[in-house]
Amino acid sequence: MSIPGKEKLVQEVVGTLHDNGIRGQPMWDSHNKVYKSFSDVIEGKERRFHQTLLGKRVDYLGRSVIVVGPSRSLHRCGLPCEIAIELFQTFVIRGLIRQHLASNIGVSKSKIRHITSQL
């Protein structure tokens with residue numbers, strides 16, 4: 001096979017990876033299953049890209065009773081520990097990783113859970 005022929009073949013394969021139906025008929029494997037292209041993976045609400053990479057819904061509705069503490073001045077307010085941890089968890093995770101106290105997000109979350117269980 002000549003070099004221009006190989007270039008065309010590589011171009012077709014890359015095009016199929018991007019969008020399997022780009023040339024009309026999609027490519028099939030030996031078990032008669034259509035290959036999933038990158039565009040198939042990221043399209044729609046049910047796809048992996050939408051489910052995981054765009055993030056999940058987070059409920060930031062903190063229902064708590066506001067009570068003025070006798071030791072607080074008028075321009076300060078108290079925030080329950082559970083709500084504060086939930087609101088600022090991403091910042092705490094980033095701080096733990098930057099200070100090399102945790103190697104990744106999962107380790108950071110488990111450390112946060114361990115500390116909050118002791119509160």
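Where a number appears in this text, it was derived from the coordinates with a stated rule and is not lab data. Only a predicted model underlies this, so the values are computations on that prediction, with no experimental measurement involved. Positions of Cβ are backbone-derived with ideal geometry, glycine not excepted, and every protein chain shown enters the neighbour counts.
Ordering 107, 13 from the fewest to the most neighbouring beta carbons within 10 Å gives 13, 107. The distance between label points at residue 74 and residue 113 comes to 4.5 nm (points 7 Å beyond Cα on the Cα→Cβ vector).
Taking a sphere under 14 Å around the Cβ of residue 94 and counting the other residues whose Cβ falls inside, with K and R at +1 and D and E at -1, yields a net charge of +3.
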